[in-house]
Amino acid sequence: MLVLLAGIFVVHIATVIMLFVCTIANVWVVSNAGNASVGLWNNCTNTLCNGTLSYAHEDALKTVQAFMILSIIFSAISLLVFVFQLFTMEKGNRFFLSGATMLVCWLCVLVGVSIYTNRYANDYNTYYGSEDHHGYSYILAWICFCFSFIIGVLYLVLRKK
């Protein structure tokens with residue numbers, strides 16, 4: 001049981017870090033030449049990020065930004081609640097709150113990345129031409145979506161033990 005808890009803790013920390021990286025990094029869409037990328041916050045060419053997105057005023061982008069920030073917050077809260085509950089609560093109710101908080105994080109990632117996929121990622125050829133592809137931030141966001149769901153469910157299952 002201790003090995004399982006340690007493994008979940010490590011994956012949870014990795015998820016928090018990956019959520020932070022994918023939200024901050026401006027590599028959601030990359031040109032195949034590798035000299036330009038688009039993120040949630042900036043448009044970067046070569047190593048210079050000028051901070052202007054052509055669609056920065058759109059509500060869809062602001063919604064994606066908000067939900068990705070909320071997912072970081074809920075994931076960090078869930079991690080702190082997990083550590084707190086590990087030492088203070090009785091066995092039957094131990095990880096219910098941390099699991100529920102992690103599932104809220106999962107929903108935030110789902111909403112944020114789904115809106116980005118619907119609004120921007122399906123039409124990413126309009127940024128730099130036909131030679132664009134998804135960047136590592138976009139892929140990390142979907143990986144965090146999977147990890148946060150698995151961690152949330154595992155916390156809810158572990159509350160019974």
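Could you tell me what a quarter of the Cα convex hull surface of region 1-160 works out to, in nm² with one decimal place?
Numbers: hull surface 38.5 nm².
Taking a quarter of the hull surface, the average projection is 9.6 nm².
Under a GNM of the chain (C-alpha, springs under 10 Å), which listed residue has the highest mean-square fluctuation: TYR120, TYR138, TYR55?
TYR55
Carbon-plus-sulfur fraction of the accessible area of region 1-160, 1.4 Å probe, in percent? Intermediate results must be reported in sequence, preceding the final value.
Details: 5720 of 8200 Å².
It is 70 percent, rounded to a whole number.
Taking only C-alpha pairs under 8 Å that are 6+ residues apart, what is the relative contact order of the chain in percent?
32 percent
What value, in deg cm²/dmol to 500, does the helix sum -39500 (n - 2.57) over DSSP H runs of n ≥ 4 give at 222 nm once divided by the residues of the chain? Please list the in-between numbers first.
Working: 5 runs with 104 residues, N = 161.
Taking each H run of at least 4 residues, the total per residue is -22500 deg cm²/dmol.
If you fit an axis through the alpha-carbon atoms of helix 2-24 and take the longest principal axis of the Cα set of the chain, what angle between them do you get, 0 to 90°, nearest 10?
Helix 2-24 and the main axis of the chain meet at about 20 degrees.
Check ASN43: other-chain or 5+ apart residues with amide H under 5 Å from its amide H, H built from backbone geometry?
Correct list: ASN50, GLY51, THR52.
For region 1-160, with every protein chain kept in place, what is the accessible area per residue (1.4 Å probe, Å²)?
I get 51 Å² per residue for region 1-160.
The values are calculated or read from the model by the stated rules, or taken from the named source; none is laboratory data. Predicted model, so just to flag it, every value in this text is computed and none were measured. The area values use the complete protein model at the heavy-atom level, side chains included, leaving out ligands, DNA and RNA. Shrake-Rupley method; radii C 1.70, N 1.55, O 1.52, S 1.80 Å.
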